[in-house]
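Bear in mind these aren't lab numbers, they're just calculated from the coordinates by the rules spelled out. Because the structure is predicted, anything quoted here is derived from the model rather than measured. Note: ideal-geometry Cβ built from the backbone for every residue, glycine included; neighbour counts use all protein chains shown.
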Amino acid sequence: MKLLTTFLFLGILSAQSEHQSQSIETVVNQFMQAINTNDADLAQSLVLEDAMITRVLIREGISNSKNISMNRFIDDIRARTIEVEERIWNLKIESNDNIATAWMDYDFHIEGNYSHQGSNVLFLTKTSNGWKISQVLFDMQI
């Protein structure tokens, strides 16, 4: 009986963990949708008010980083008039009950033309309104 109880408990934990990963993946996919459709309002709804972005630009083997406020990034989305597409793959999610990371590879296209590629890491925090992005870290390999 004790063994059965242990298996049931582990099954419940696994189901909760799967649901949590799906919730985080939904936020990631919605954020990519906001970028790809220039939907600043959707992007704003997915991030914490004081969220930040760190961009690491790698050109000719030299790395240069820059911090950008998420609000500035969202303003750029709102003002954007060009077509962009960021495609992601190899999504890996790690989480506990309160914090999560979502790591993925990506490539970026502007007006249908390849621009650059790299990796994104989204840091998420669980709030009373669900998972929200608190930090984005990405590298651009040009």
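What to note about this one:
- The length gained on full extension between LEU57 and THR81, counted as 0.36 nm times the residue separation minus their Cα-Cα distance, comes to 6.3 nm.
- Neighbours of GLY118 by Cβ distance under 10 Å: Lys/Arg scored +1, Asp/Glu scored -1, total -2.
- Per-residue Karplus couplings for region 107-123, computed as 6.51 cos²θ - 1.76 cosθ + 1.60 with θ equal to phi - 60°, are listed in order as 10, 10, 10, 10, 6, x, 9, 4, 10, 6, 9, x, 10, 10, 10, 9, 9 Hz, Gly and Pro entered as x.
- Bridge type composition, the chain - antiparallel percent by DSSP, nearest 5: 85 percent
- Note on GLU25 and ASN113: the model spin-label points, each 7 Å out from Cα along the C-beta direction, lie 3.5 nm apart.
- Residue-wise HN-Hα couplings along region 97-103, as the Karplus relation 6.51 cos²θ - 1.76 cosθ + 1.60 with θ = phi - 60° gives them from phi, are 6, 10, 9, 8, 10, 10, 9 Hz; Gly and Pro carry x.
- Proximal charge balance of MET32 [Cβ under 9 Å; K/R count +1, D/E count -1]: 0
- Packing order of peptides 124-131, 111-118, highest average first: 124-131, 111-118 (average count of other Cβ atoms within 10 Å over each peptide's residues).
- Comparing ILE77, ILE62, ILE99 in a Gaussian network model of the chain where C-alpha atoms under 10 Å apart are linked, the largest mean-square fluctuation is found at ILE62.
- Based on Cα contacts under 8 Å between residues 6+ apart, the chain shows a relative contact order of 24 percent.
- Under the combined filter of DSSP loop state and at most 13 neighbouring Cβ atoms within 10 Å, region 29-88 retains these GluC sites (Glu not before Pro): GLU60, GLU83.
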